[in-house]
Each structure stands twice: as structure tokens, then as C-alpha cells.
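The values are calculated or read from the model by the stated rules, or taken from the named source; none is laboratory data. What you see is a predicted model; the values in this text were computed from it and never measured. Note that we place each Cβ from the backbone using ideal geometry, even for glycine, and neighbour counts take in every protein chain shown. What goes into the accessible areas is simple: the full protein's heavy atoms, side chains included, and nothing from ligands, DNA or RNA. Shrake-Rupley method; radii C 1.70, N 1.55, O 1.52, S 1.80 Å.
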Amino acid sequence: MSISKELEQNIHDTINTLVEQDVKPTYEAIRGAGGYSYNSIKPALKSWRENKAAAGEPREQKSTEITVDEELKTLVLDELETMVTNLLVTVTSQAQEKANETLHLERSAHDDVVKDLKGEIVELENYIDKTDAEVAALKEGTATLEKTNADLVAKVEQTTNDNQALKRHVESVESDNASLKTANQSLTTDLTKANAEKSSLIEQNDKQKSAIEKSSKQFDDLQAKSNEQLTQIATLSGEIKGYDKSDKQLRAELESLKSKHDDYVSQIATLKEQNKQLSSDVSDFELAQQTEADLAESDSKKTPMPRKTTAKK
């Protein structure tokens, strides 16, 4: 059996140490000193002796001489060691075979274990792949959540800004409501005044209607008188032809009639002007009524800008 040079040198060192301690380098001594196996000790001890013989050194003794009996004893012991070694080798071979059988069984069991472990490794790899996928999904979900969080932060900021804007708007609306309240009070006052003016305008309208009716009657009377005067003029013109009057007298009568006619025409023109003025007053009154209706509608809708109505009296 061959052993490595390093192991052989280590056994040689152990043998030298035993020899220096005046201890015979037997298999048991070497095994007890270094813990080596018999299969390793045998070739190493043989090579050590060969090296000693080649160097001309005495075997396993320092400078002391050995007797013939001791040498014979040594030879016997060597033979015994050889026999023991062979026996140990045989036993060791049997043990090795038994160990090989055990090793085969253990290896078979080991293969089963390895197979099971490989199956578990496959399962672990699948689990790792699944875990990696879940981690990737979690990372993606985390990124999505971070983006959503950023969007929510932006929305919160926007909502805060909107709330501040709404707060300012509410303050503005409250200010406008105060202004509207003041304007409403002013409109109420204006409406009261408008109602009073309405009553006054209605009264004036009634008076104007009465005056218009009276003027119309006067106009009809004057028109009738004018027609009568024209008739009289025509009659007088006929009579002028039928009577022998002086030119001066006829002219005076004619001038008198013309003067009366002009007076009638002037009165008619005056009545027409009054009628026109009354019509304008009626239009103003109707406009005032419309304005009053607009004011009432504006008051019901709470219009922020009040409108004042000035009616002609």
C-alpha cells in the first residue's frame, strides 16, 4: 500500500521522536504517538528502516551496542509484528469489505436522501422563484403605492389650495351678502318710495285721463264750433253776394270771422299740444309701472346691484 510523501514524513518524524526517547518504534507505539493506521505505519516504518540502513546507522538504537540475544529478540519481534501486521491487514480488509457494504448501504440511503434533498431543492427553487415573483409584484405594488401616495399628496395640496380659495370665496360671498343685505334694504326703501310714487302717478294718471277726456270734449266742441264758423262764413259769403253792403263793412265782418276762426284754430292747437303732453305722461306712467315690476323682480332675486327708478311727476 502506498501512502503520500507528507504522511510518510510525518510517520518518520514520529519514529525519530520515539527513538530519541529510547522507545522502540513498534506499531502500537507509533499508533499511540501519532494516531496513524496500521496500513500507513507499515510502509512508513519499512522506508524508515531502509533509510537508516542506507545511512549506515544502527537500527532503532542510538550509540549503544546491542547483544545477540537482543538482536534475535528484535528479529523475532519483527516477525511477530509482521504476522500481526498481516493479521491486522486481513482483519482490516474484512472490516473494509464490511465497511464497503455498510458504505454502499449508507450511500444508497444517502442517494435517497440526496434525491429527496434534490426534490426539496427543486421545491425551494420553485418557492424562491415564486417568492421572487411576489417580491417583484410587491416592488411594483410599492412603486404603485408610492406613485399613488405622491398623487394623493398632490391632491391634498390641491385640495388645501382649493379650500383656501373656497374660504376666500366664502368670505367674499359673505361680504357680498352683507352688501346684498344693504342693497336689499335700499331696494326695500326704493320700493316703498316707488309704491308711493305709483300711487301718486295713478292719481295723476286719473287726473290726466280726466283732463284728456275734458280736452277731447273741448276739442270736439271747438271742432264743432269751427265747423259752425266755417258754415257761417260760407253762409255769410252767400249773404254777401245777396246783400248790397258796403265793402268796408263786409271786410270788417270777414276779418272778425277770420279772427274768431284763428282763435278756434289756436285753441285746437293748444288742445292738441295738451293731448300730446298727456299721452307722454301716460307713457311715462306705464314706464314707471314697468320699472316698478322690474324692481320687484330684482328684489325677489336679490340682485347685488340696486336700481333706482325716477318717475316723472
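In the set (1) open to solvent by less than 80 Å² (accessible area, probe 1.4 Å); (2) out of contact with any Pro (no Cβ under 7 Å at 6 or more places or on another chain); (3) among the polar types (S, T, N, Q), the condition left unmet by GLN164 is number (1). Looking across segment 208-239, the residues that are under 19 Å from ASP284 (Cα atoms) and surrounded by 12 or more Cβ atoms within 10 Å (Cβ to Cβ) come down to GLN208, LYS209, ALA211, ILE212. Exactly one residue among LEU88, LEU45, LEU72 is within 23 Å of HIS12 (Cβ to Cβ), modelled with pLDDT under 70 and of a type outside the set (Ser, Thr, Tyr), and that residue is LEU88.
Touching a Phe, Trp or Tyr at 6+ places or on another chain (Cβ under 9 Å) and within 20 Å of GLN277 (Cβ to Cβ): is that true of ILE212 in this structure?
Numbers: touching a Phe, Trp or Tyr at 6+ places or on another chain (Cβ under 9 Å): no; within 20 Å of GLN277 (Cβ to Cβ): yes.
Spelling it out, it is not the case that ILE212 is touching a Phe, Trp or Tyr at 6+ places or on another chain (Cβ under 9 Å) and within 20 Å of GLN277 (Cβ to Cβ).
Scanning segment 18-43 for residues that are over 25 Å from THR90 (Cβ atoms) and out of contact with any helix residue (DSSP H, G or I) (no Cβ under 6 Å at 6 or more places or on another chain), which turns out least open to solvent (accessible area, probe 1.4 Å)?
VAL19
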